[in-house]
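Heads up: the structure comes next, in structure tokens.
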Amino acid sequence: MCIRDSLKLDPSSPEGGLLCDTLFDVFDRNRNGIVEPAELYTGLAMLSNASLHRKLEVVFRIFDRDGTGLIQQWELRAMLSRLLPRHRQAHLDGLVKDIMRRSDTSRDGKLSWTEFS
């Protein structure tokens, strides 16, 4: 059974596809296109037993979809749109603006690791 099946993700849906791709990218540490058993175990351990700092690093990598080391507004919006329940979706733009206003201390429209953590 694959991760997608065990998490009940539908890769054909926008939410499931993005989450599948993101988890794959985070777990595939050596970037060979395969999540090897050691990478899977390490990734699952990071998500469950790691320190808060390490978990934040994983979340940062998940939100940083293009791998630039910065979370841009579109990345923040894309990930939050998948995490928020449907009844809160109407507040998504306000939430993104609020997070950026509070956290983007450099006012460049992006969150660095320092600003995120």
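None of the figures in this text is laboratory data; all of them are computed from the coordinates on show. In this text the structure is predicted, and so the values were computed from the model without any measurement. Every residue, glycine among them, receives a Cβ derived from its backbone with ideal geometry; neighbour counts consider all protein chains shown.
The trypsin sites (Lys or Arg not before Pro) of the range 73-117 that meet both conditions, a loop assignment by DSSP and at most 10 other Cβ atoms within 10 Å of the site Cβ, are ARG107. The Cα center of the range 56-112 and the Cα center of the range 32-51 differ in position by 24 Å.
Residue separation of VAL58 and TRP74 scaled by 0.36 nm, minus their Cα-Cα distance, works out to 3.9 nm of gained length. Backbone geometry of the range 26-40 corresponds, through the Karplus equation with coefficients 6.51, -1.76 and 1.60 at θ = phi - 60°, to 3J(HN,Hα) couplings of 5, 6, 7, 5, 8, 6, 9, x, 9, 8, 7, x, 5, 5, 4 Hz, x marking Gly and Pro. Here the Karplus curve 6.51 cos²θ - 1.76 cosθ + 1.60, taken at θ = phi - 60°, turns the phi angles of the range 78-84 into couplings of 4, 6, 5, 5, 7, 8, 6 Hz, with x standing for Gly and Pro. Less than 5 angstrom separates the built amide H of LEU111 from those of ILE71, GLN72, all sequence-distant by 5 or more or on a different chain.
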